[in-house]
Amino acid sequence: MELRSNEPDKSIPIEQRWTKHKMAGKLVAPANRRKYEIIVVGSGLAGGAAAASLGELGYKVKCFCFQDSPRRAHSIAAQGGINAAKNYQNDGDSVYRLFYDTVKGGDFRAREANVYRLAELSVNIIDQCVAAGVPFAREYGGLLANRSFGGAQVSRTFYARGQTGQQLLLGAYQALERQVAAGTVEMITRSEMLDLVVVDGKARGIITRNLKTGEIEPHVADVVVLCTGGYGNVFFLSTNAMGSNCTAAWRAHRKGALFANPCYTQIHPTCIPRAGEYQGKLTLMSESLRNDGRVWVPRKKEDCGKPPEQIAEKDRYYYLEEKYPAFGNLVPRDVASRNAMYVCDEGLGVGPVVDGERRAVYLDFADAIKRLGEPIIRERYGNLFDMYERITGESPYKTPMRIYPATHYTMGGIWVDYNLMTTIPGLFAGGEANFSDHGANRLGASALMQGLADGYFVLPYTVGNYIGTEASKRIGQRTFPEIGTDHPEVQKTLKDVKERIKRLMSAPEPKYGPDYFHRELGKIIWTKCGMSRTKEGLEEALRQIPKLRAEFDKHLKITGTGEELNQTLEKAGRVEDFFELGQLMCIDALTREESCGGHFRAEHEEDGEAARDDDNFAFVSAWGYTGDTAKPELNKEPLTFDYVKPSKRSYK
Amino acid sequence: MSTFNITLHVWRQKSPTAQGKFEDYKVEADEHMSFLEMLDVVNEDLIEKGKEPIAFDHDCREGICGMCGMVINGEAHGPQKLTTTCQLHMRQFKNGPFDIWIEPFRAAGFPLVKDLVVDRSGFDRIIQAGGYISIRTGAPLDANATPIPKAVSDMAMDAAECIGCGACVAACPNASASLFTAAKITHLGLLPQGQAERPERARNMVTAMDNEGFGSCTNHGECESACPKGISVDFIARMNRDFVKASATAYDRAAKSDGD
Ligand SMILES: Cc1cc2nc3c(=O)[nH]c(=O)nc-3n(C[C@H](O)[C@H](O)[C@H](O)COP(=O)(O)OP(=O)(O)OC[C@H]3O[C@@H](n4cnc5c(N)ncnc54)[C@H](O)[C@@H]3O)c2cc1C
Ligand code: FES
């Protein structure tokens, strides 16, 4: 398949592309908008903002989420902040610099025109959010405060205490509820999209399960927008919310939407380590802690079981400071994560033994407390220290924190063009669900920015342009042929969904609930397709996954019925889709014979650092579903860099 | 690692109309488990035994989405202050009590769905009544055009921290949603951007709260002590002032137009 990015012509200077693109786009007259129905799946930053904005423009919008309220989408959990090139600190920031940092941070695996647009829109986001009442942190003079985040050399991150995602999401949620009150948006909660309806090659609706009653319901529309978040829970343990899943994206993929770069996943270095087999999720400790904390492990294996206080200074191995003197503890996420893994692989990990090994490193604040005093540390990190203590029962004021990397974000996702349209006409994808802007690695505080840019500022134009373009092709006729829920394709998809549920509920030898299989799948993906990947490991994973899948098919056990609230059934469907996505991740990682960003192939390194191969791999891998999950079809979108010349990321 | 034995008494109710009752489960708890991980273990075991797991709401497990919530030994979100159910850890029970009673958030405004799951959509409808600032997506003023004193902005943030979990309602003897409603009215009412709609907002949101079947506030203050985010009851006084002022303004306006 030829992939058309539909980005503006490269002869147009990059800073004019989005403006010109909008000018060239088709509009839909206000009076006509209410004739068009748009389904938005997801109410996080991307979906919430898109549904509210499209509703406000006058389209007839239906918005779905699986939680009991749109305000609970996973975006709510983001802590650190949101980037914007406002240059309020006068420290040399600009749209161009944010663009440059993002392309470079993404290790030259993103589309330049998209990234530029993201940087450009970042400033509008802050204006929009402040006008909507988002209480960002302020300085004593009453102006907005900023901080530097994730090693950035400018202070461009806006924040609201440690709850930036919460405040941004509540802003979008309130705008959404305002539209619900105005009658332009119908919000359907506790409802899960289980399939996409495609009629004559175009996305025309979805099939959902009402999670309260179990009813399978068809919904038809003229456009479908997926803003369903990332797939980090394929690892079972991650910092994502328990319900985060890939089902909507995966079902769309099975209906023809290409899935791009699934192997680009981000492992965050500072999370609270796993305490036992029962553990259901991992908790992130904000990256900002590395500004003052020092990372170390004992130099000698025999010290690993001792309390940290008993290990002499000379016996402590500050491995980041030693290996990366220029950046020290502030090396980028992937570097910090990989090095924590290496020292634990060497047997130098600390903390309690879980599953026969110690997998944690210390993040020590003793020096910072000595230097700055406890009150300052309390002011900076009090909330985080309290959260750590609630979870582990230990006080970081008295003893070093124990941390270990965990999956946090997925850069891969549904392939979209510059308009955020997938390879199925009429199907759009925004937020973490698409692959677009972060390349192989996402910079801190850039996901919130992308979600809101897509939702508030990109999708409202590009969805309108799609409708306007279709209308202009069919003057005098209905833009979209009328279909009802009785359309044969809708009914067929409905039947498929029902049959799938029946199949899940009637495994031949039911034995274990879905969590059992999810945990086992997670172990495979985490060890073979996690922080460091090898050919052998990935091939091994590709043998293990189908075996485990066969077990799942045979032994899955779901109690209760499908005609009621049944959380086991919900989970089972999600786990089944993770199996197929996990397989594709491994195939993608195996095919990409280079190291870039979050994808580190142990065979492709120089002095322990990632070795990118621009001659052979400067492309997006967009995978097509063929019916056989072991043999997906690879399509390539070549990437060219006219503004930011590819260079080596080096932090030594 | 230390483990101990507990007995759970959990409210089980198959559907809104079915008869509910407490059922007992014996569990070996690890002190490092979270309360919900302990329930996960119970549930996996129930499934393997062919029984239906306990239904409960949860998502982020980080104390921020507001989805979890149950009454544990008579207290909304359990014994630890400023802590949601998902952040509660079993070490809190290491020295007893070893009998733990678990019930849903019960309130007229929160109809029961199943087991520990209740319907809190009334909260969304209260927000629909006015919990927003009416601006269009587009090109508002530059974000720094209106400085806001730090103290004002910080107080707005104190109110905005509400996670909408409903513990305040579950803890209130009148099942009032005053703390939830007041937190939003305060957040938006403190900011300069929120002034234009301030009277209508207070009036409409308070009316919506009453219509949803939540009780009225009689100053017990249980809401504040159950609130995992420590939202202050002082905000209820602010809401009441805004409400009275809004009603007076509406009255004045009506009187004036009558006179013309
Ligand atoms: C702990 C943590 C901290 C973070 N901190 C930061 C930070 O400081 N800065 C930053 O920029 N980024 C941060 N991130 C990343 C960022 O929060 C997310 O990438 C972003 O919020 C995703 O937003 P979204 O709108 O794409 O999806 P989400 O917020 O995940 O929303 C998904 C929506 O889709 C719905 N949905 C999903 N599947 C279905 C289905 N099948 N049917 C119906 N509905 C469905 C859900 O109900 C939900 O409403 C953090 C992430 C984590 C995990
Ligand atoms: S699960 Fe999100 S607050 Fe408890």
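The values are calculated or read from the model by the stated rules, or taken from the named source; none is laboratory data. Just so it is clear, the structure is predicted and the values come from calculations on it, not from any experiment. As a convention, Cβ positions derive from the backbone with ideal geometry for all residues, glycine included, and neighbour counts pool all protein chains shown. Accessible surface areas use protein heavy atoms only, side chains included; no ligands, DNA or RNA. Shrake-Rupley method; radii C 1.70, N 1.55, O 1.52, S 1.80 Å.
Here are some notes:
- Interface area, chains A and B: about 6400 Å² of buried accessible surface, summed, with a 1.4 Å probe and ligands, DNA and RNA left out.
- Placing +1 on each Lys and Arg Cβ and -1 on each Asp and Glu Cβ, with no other charges, gives segment A:271-406 a dipole about its Cα centre of roughly 100 debye.
- Accessible area per residue in Å² at 1.4 Å probe, computed on segment A:271-406: 41 Å²
- Value of [θ]222 nm, deg cm²/dmol, for the protein assembly as shown, DSSP H segments ≥ 4, -39500 (n - 2.57) each, nearest 500: -11500 deg cm²/dmol
- Pairs with C-alpha atoms separated by more than 28 Å, drawn from the list A:495/B:21; A:300/B:94; A:306/B:94; A:502/B:51, are A:495/B:21; A:300/B:94.
- Take every Cα pair under 8 Å whose residues are at least 6 apart in sequence, average their separation, divide by the length of segment A:271-406, and the relative contact order is 31 percent.
- Using the 1.4 Å probe convention, the accessible area of chain B works out to 41 Å² per residue with neighbouring protein chains retained.
- Eligible lysines near residue B:150 by straight Cα distance, threshold 27 Å, same-chain separation 8 or greater: A:86, B:184, B:229, B:245
- Loop-located GluC sites (Glu not before Pro) in segment A:1-98 whose Cβ has at most 12 other Cβ within 10 Å (DSSP): A:2
- DSSP bridge analysis restricted to the protein assembly as shown gives an antiparallel fraction near 75%, rounded to the nearest 5.
- Cα-based shape type of segment A:271-406, given that a ≥ b ≥ c are square roots of the gyration tensor eigenvalues and the cut on a/c is 1.5: rounded
- All-pairs alpha carbon distance profile, segment B:3-103, 10 Å steps from 0, percent: 15, 50, 31, 3
- Surface composition of the protein assembly as shown: carbon plus sulfur atoms contribute 50% of the solvent-accessible area (1.4 Å probe, protein chains only, all chains present).
- Across the options A:188, A:480, A:349, the greatest Cα extent toward the positive end of the charge dipole of the protein assembly as shown (unit charges at beta carbon of Lys, Arg, Asp, Glu) belongs to A:480.
- Selection from A:102, A:31, A:45 lying farthest towards where the dipole of segment A:1-152 points positive, charges on Cβ: A:31
- Over chain B, relative contact order from alpha-carbon pairs under 8 Å, at least 6 apart, %: 18 percent
- Accessible area of segment A:488-616 divided out per residue, in Å², using a probe of 1.4 angstrom: 40 Å²
- For segment A:1-134, the Cβ-based charge dipole about the Cα centre amounts to some 580 debye (Lys, Arg positive; Asp, Glu negative; other atoms uncharged).
- Members of segment A:160-187 that become less accessible by 30 Å² or more once partner protein chains are added (1.4 angstrom probe, chain alone as reference): A:161, A:163, A:166, A:167, A:173, A:174, A:177, A:178, A:181
- Summed residue charge, Cβ within 12 Å of residue A:81's Cβ, Lys/Arg positive, Asp/Glu negative: +2
- Segment A:488-616: C-alpha gyration tensor shape, a/c 1.5 cut-off, then a/b vs b/c: prolate
- Neighbour cut-off at most 13 other Cβ (10 Å), DSSP loop, GluC sites (Glu not before Pro), segment A:537-643: A:563, A:593, A:603
- Nitroxide proxy distance, nm - points 7 Å out along Cα→Cβ at residue A:213 and residue B:108: 2.6 nm
- Charge context of residue A:436, other residues only, Cβ under 13 angstrom, K/R +1, D/E -1: -3
- Taking the Cα centre of the protein assembly as shown as reference, the dipole from Cβ charges on Lys and Arg (+1) and Asp and Glu (-1) amounts to some 1100 debye.
- At least 40 Å² accessible surface lost relative to isolated chain, residues of segment A:553-583 (1.4 Å probe): A:557, A:559, A:564, A:565, A:567
- Volume in Å³ per residue [convex hull over Cα atoms, computed for segment A:1-122]: 188 Å³
- Most positive-pole-ward Cα, B:87, B:102, B:247, against dipole of chain B from beta carbon charges: B:247
- Global form of the protein assembly as shown, assessed from the alpha-carbon gyration tensor, a/c cut-off 1.5: rounded
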